[in-house]
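The values are calculated or read from the model by the stated rules, or taken from the named source; none is laboratory data. Note that the coordinates shown come from a computational prediction; the quantities given were computed from them, not determined experimentally. Positions of Cβ are generated from backbone atoms using ideal geometry, with glycine treated the same way; all protein chains shown enter the neighbour counts. Note: areas computed on protein heavy atoms with side chains; ligands, DNA, RNA excluded. Shrake-Rupley method; radii C 1.70, N 1.55, O 1.52, S 1.80 Å.
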Amino acid sequence: MHYFEFGKRDATIYSGGTTSSINTGLDEVLEINKTVNDNGTIANVSRVLIDFDYSTISQSIVDGIIPSTANFYLNLYDATSEEVEAEQNVFAYMVSGSAWKQGTGKLDHDPVTSDGVSYQYRDEENSTPWVTGSVLTDGGSWFTSSIDGQYEVSSSYQLTFDKKDLRIDVSDLVKNHIYSSSAYPNRGFILKRESIAPTDYTFAFNSGSDTTKDESSSDRFGNLKYFTRETHTI
């Protein structure tokens, strides 16, 4: 049996100085990208947020319609990704902390719309940073290690230049949300390339100082683009 649940909200967050406060909650394309200047410095990094409602899944498990051993996959479909480098990984993490707001912005809005989530804020209107005491450069917060060790808190998927659609096995992440909601409340997923993570499991960030990591290096991996829930195409 296959059951499909569509995302209830999604957005791309951008780190650049002119885009870090922009909300993109109504854009038709999600982007996992890194812009590298000619001198090798990183001008902009983007990450994807996506959230799902598990209420039907949870009740179906209780009713025995969906078995507790079921597998769960996050599927995103390519929207003309550009200059994609072969053999790179996309990581999925569970968002930690309080909920984020989708907003009504688009990347090309001028003046910018900042009524929802951005690289700086979970909720721009209420000036809620991703991390308490943040300097507004965190770009999300997510779990990086398991509290009880029963389920993994992250997953990854290897892309190639001819296989750009994402199909990430997020079974452990979904089960953390459903069975361990007191420890792992459902705030959705953050999708990104690999970067540095501190020892604190509650959040991680891109410091830009580790050149061995895909998100922090000067290597160009291309712009990964995926259709959002707002798209009129797929």
Exercise. For the stretch 206-221, what are the residues that are in contact with a Gly (Cβ under 7 Å, 6 or more places away or on another chain) and modelled with pLDDT under 55?
Worked result: 206
Problem set entry | Condition met for residue 98 (touching a strand residue (DSSP E or B) at 6+ places or on another chain (Cβ under 8 Å) and either open to solvent by 20 Å² or more (accessible area, probe 1.4 Å) or farther than 21 Å from residue 146 by Cβ (or both)) | yes
Problem set entry | Hey, residue 64 without any contact (Cβ under 8 Å) to a residue 40 or more places away in the chain, open to solvent by 20 Å² or more (accessible area, probe 1.4 Å) and not aromatic (Phe, Trp, Tyr) or not | yes
For this session: Answer yes if at least one residue in the stretch 148-169 is open to solvent by less than 40 Å² (accessible area, probe 1.4 Å), touching a residue at least 40 places away in the same chain (Cβ under 8 Å), polar (S, T, N, Q) and part of a loop (DSSP other than H, G, I, E, B), and no otherwise.
Result: no
For this session: Go through (1) modelled with pLDDT of 75 or more; (2) aliphatic (A, V, I, L, M); (3) over 21 Å from residue 84 (Cα atoms) and name the single condition residue 224 misses.
Result: (3)
For this session: Could you grab me the full set of residues in the stretch 31-56 that are closer than 14 Å to residue 119 by Cβ and either open to solvent by less than 10 Å² (accessible area, probe 1.4 Å) or touching a His at 6+ places or on another chain (Cβ under 9 Å) (or both)?
Result: 32, 45, 46, 47, 48, 49
Problem set entry | Residues located in the stretch 74-88, provided they are in a strand (DSSP E or B) and surrounded by 14 or more Cβ atoms within 10 Å (Cβ to Cβ) | 74, 76, 78, 88
Seminar exercise, completed: Of the listed residues (69, 80, 113), the one being in contact (Cβ under 8 Å) with a residue 24 or more places away in the chain and either farther than 27 Å from residue 194 by Cα or touching a Cys at 6+ places or on another chain (Cβ under 6 Å) (or both) is 113
